[in-house]
Amino acid sequence: MTTEWSELLDRLLALQSIDSKIRRLDQVLTRAPGEVSQREAAMASIDEKIKKVADRTRLLRAQILLRENELKTHEKKIEKLQEQAAELKTNKEYIASRSEIANVRGECDRLQNEVLKILEVVEQADAKIKELEGDRKHESDRIDQLKAEMASKLEDVKKDRDALASTRPAAMEDIPKEQLELYERARKARGTAMAALEGAYCSGCGEPQTRNDMYAVQNRTRLVLCRGCNRILYQP
């Protein structure tokens, strides 16, 4: 083990410790709005369901109106037939009139039954909309709550991240430019710049290392980059 390489690895590990904490906080900042987005998507799905049920209800109400108008026409027809029946002179004409009135009344009964059935479906649809509106309010309230919690939480996270980021320049000061460039290149490409050596393998990517490189990592005789991911290897 050489003091120079051992101290360099310690500095790089200290820098990685800072970067790992910053990375975790960045992930919190990135993920935090995700829950709100999921809730907003759930609320949008509820809105779509409400719209579909409401559209169907409008069609059903239109069908009720059509039948009610048709019913009024039939009722007027019955009134007219009854008025005409008073002027009939033969039994045959009277029987024919009564038959026609009975047929029209049968149509009225059919229309009334259809209106009642449609009204039942409309009532069920109205109840479903009310239920969905309750679900929507729950989601809306939860979104407002999450946003309030997030604003407070993220403010603290940002402060912690900024505090950590401010220590980074000092941690890089004593690291030679060439080794720092290797570190930064791996960090930007892989997210983490250093990986522990586990047996003969890089813990970052699983690539097996040569015996000479393993010896160098274990004894800190030089800086070793993983053959697979270019992370700087160290022995825990």
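The values are calculated or read from the model by the stated rules, or taken from the named source; none is laboratory data. Fair warning: this is a prediction, and the values are worked out from it, not measured in the lab. Virtual Cβ from ideal backbone geometry, glycine too; neighbours counted across all protein chains shown.
Results, tabulated for the structure shown:
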{"item": "The one condition in (1) of a type outside the set (Phe, Trp, Tyr); (2) without any contact (Cβ under 8 Å) to a residue 24 or more places away in the chain; (3) farther than 18 Å from Thr73 by Cα; (4) part of a helix (DSSP H, G or I) that Ala125 fails to fulfil", "result": "(2)"}
{"item": "Number of the exception - Met214 against (1) surrounded by 13 or more Cβ atoms within 10 Å (Cβ to Cβ); (2) of a type outside the set (D, E, K, R); (3) out of contact with any strand residue (DSSP E or B) (no Cβ under 8 Å at 6 or more places or on another chain)", "result": "(3)"}
{"item": "Answer residue from segment 76-123, given it is among the basic types (Lys, Arg) and under 30 Å from Val53 (Cβ atoms) and is surrounded by the fewest Cβ atoms within 10 Å (Cβ to Cβ) among those", "result": "Lys117"}
{"item": "Asp174 being over 16 Å from Arg11 (Cα atoms) and exposed (fewer than 15 other Cβ atoms within 10 Å of the Cβ)", "result": "no"}
{"item": "Subset of segment 103-145 (residues that are among the acidic types (Asp, Glu) and farther than 16 Å from Leu66 by Cα)", "result": "Glu120, Glu123, Asp126, Glu131, Glu133, Asp135, Glu139, Asp141, Asp144"}
{"item": "Residue in segment 52-64 that is touching a residue at least 60 places away in the same chain (Cβ under 8 Å) and in contact with an Asp or Glu (Cβ under 6 Å, 6 or more places away or on another chain) present", "result": "no"}
{"item": "Tally, over segment 24-43, of residues that are surrounded by 15 or more Cβ atoms within 10 Å (Cβ to Cβ) and of a type in the set (Lys, Arg)", "result": "1"}
{"item": "Which listed residue, of Arg67, Arg39, Arg56, Arg23, is more than 42 Å from the chain's Cα centre (by Cα), part of a helix (DSSP H, G or I) and at negative phi", "result": "Arg67"}
{"item": "Residues that are among the hydrophobic types (A, V, I, L, M, F, W, C) and assigned to a strand (DSSP E or B), drawn from segment 184-219", "result": "Met194, Ala195, Ala196, Leu197, Cys202"}
{"item": "Conditions (1) more than 30 Å from Asp19 (Cβ to Cβ); (2) in contact with a Phe, Trp or Tyr (Cβ under 9 Å, 6 or more places away or on another chain); (3) not basic (Lys, Arg); number of the one not met by Ile175", "result": "(1)"}
{"item": "Residue in segment 152-165 that is modelled with pLDDT under 95, farther than 24 Å from Gln38 by Cβ, part of a helix (DSSP H, G or I) and of a type in the set (Lys, Arg) present", "result": "yes"}
{"item": "So Ala148, is it surrounded by 12 or more Cβ atoms within 10 Å (Cβ to Cβ) and either of a type in the set (Phe, Trp, Tyr) or not in a loop (DSSP other than H, G, I, E, B) (or both)", "result": "no"}
{"item": "Inter-residue pairs, beta-carbon under 6 Å, first more than 19 Å from Leu13 (Cβ to Cβ) and without any contact (Cβ under 8 Å) to a residue 24 or more places away in the chain and in segment 187-209, second in a loop (DSSP other than H, G, I, E, B) and not aromatic (Phe, Trp, Tyr), 6+ apart", "result": "Ala200/Gln209; Glu207/Cys226; Glu207/Arg227; Glu207/Gly228; Pro208/Ala200"}
{"item": "Test: residue in segment 184-193 that is modelled with pLDDT of 95 or more, touching a Cys at 6+ places or on another chain (Cβ under 7 Å) and either crowded, with 17+ Cβ neighbours inside 10 Å or not charged (D, E, K, R) (or both)", "result": "no"}
